[in-house]
Amino acid sequence: MEPTRAVLKCYASQWMRMVVQHWWSRKPPVSRGFWAFSWPPRLPCIKSATSAMSRSTLRSSCTYSLRSFCVTSQSRLCWRCQAEMSRAELFCPTCTSLQPPDESKDFFQVLDCEKSFNVDTQELQRKYRNLQRLLHPDFFSQKSESERNISEKQSTVVNKAYKTLLSPLKRGVYLLSLNGITLKEGADDEVDTQFLFDILELNEQLNDAETKDDIEEVGHFVQEQLVSLTKDLRKAFQQGDLQEAKILLAKMKYFSNIQDQVKKKIIP
Ligand SMILES: [Zn+2]
């Protein structure tokens, strides 16, 4: 129902109730003044705005209901004061409360970055540090338990978003998932047999490596492969070739696993 019509309808029904009550009890209908009793009118979506509620509570409930009619996909209501605010804002501009994580946002939106594989990592880092500063636990030590919990949840989301978008492999896999494509663990069917043989050989070379130089040789080779694959991946995403991106990401996963083993072997 249209807000104005809803207000008028509730207003009229309240007036009718008051008249009936007066007729029934033979008592003066307005005991606390006309406005205190009848304004604001109760809207259908307000949960039991009883006469025991104070005038200010009634007024804020009415404001909430009217605002809920206007909330769009770009806005939401503050959990504390119910003020309508932009989804882009972390803190309510009216009561300054930190808002809970917005589940409709993807990681690019969480860190306010362009949804692209070509993310500017320096900008990403700057935005992450800025958010980290705003969500620092020291700011919330004197706040309510609810707000402390919200700050912890926000920090978790921001950290996860940063870790995902910083790594080219994780960023690529995440971008694919946003496009409805999942890269399975051990995605053997995405790569050719020759590639799998090469990986097997590289694994053997690493297992047999006894000196630091031998381990580092494998490490350098893997790093070079990852740089080259990242370059190809950037191109695939630019061209919108998601199938090619999936194959490249599957290869990157294999090299990334060997890179982890190299690190473990160098620093046991
Ligand atoms: Zn607020």
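Here, each number is a calculation from the coordinates, and none is a lab measurement. All values reported here derive from a predicted model rather than from experimental measurement. Because the Cβ atoms are built from the backbone with ideal geometry, glycine has one as well, and the counts that use them run over all protein chains shown.
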If I filter the stretch 210-233 for residues that are in contact with a Leu (Cβ under 7 Å, 6 or more places away or on another chain), in contact (Cβ under 8 Å) with a residue 60 or more places away in the chain and not aromatic (Phe, Trp, Tyr), do I get at least one hit?
yes
The residue that is surrounded by the fewest Cβ atoms within 10 Å (Cβ to Cβ), considering only those in the stretch 103-131 that are of a type in the set (Asp, Glu) and over 16 Å from PRO168 (Cβ atoms), is GLU103
Scanning the stretch 91-105 for residues that are away from the ligand (no atom under 12 Å from the Cβ) and either without any contact (Cβ under 8 Å) to a residue 12 or more places away in the chain or in contact with a Leu (Cβ under 6 Å, 6 or more places away or on another chain) (or both) gives GLU103
Taking into account only those residues within the stretch 74-90 that are assigned to a loop (DSSP other than H, G, I, E, B) and small (Gly, Ala, Ser), which is nearest to the ligand (Cβ to nearest atom)?
ALA83
List the helices (runs of 4 or more DSSP H) that sit entirely inside the stretch 127-210 and contain at least 2 residues that are among the aromatic types (Phe, Trp, Tyr) and farther than 28 Å from GLN99 by Cα.
193-208
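Which of the following residues is over 30 Å from VAL173 (Cα atoms) and not in a helix (DSSP H, G or I): PRO93, PRO100?
None of the others qualify; the one that does is PRO93.
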Given the criteria surrounded by fewer than 14 Cβ atoms within 10 Å (Cβ to Cβ), part of a helix (DSSP H, G or I) and under 33 Å from the mean Cα position of the chain (by Cα), does LYS251 qualify?
no
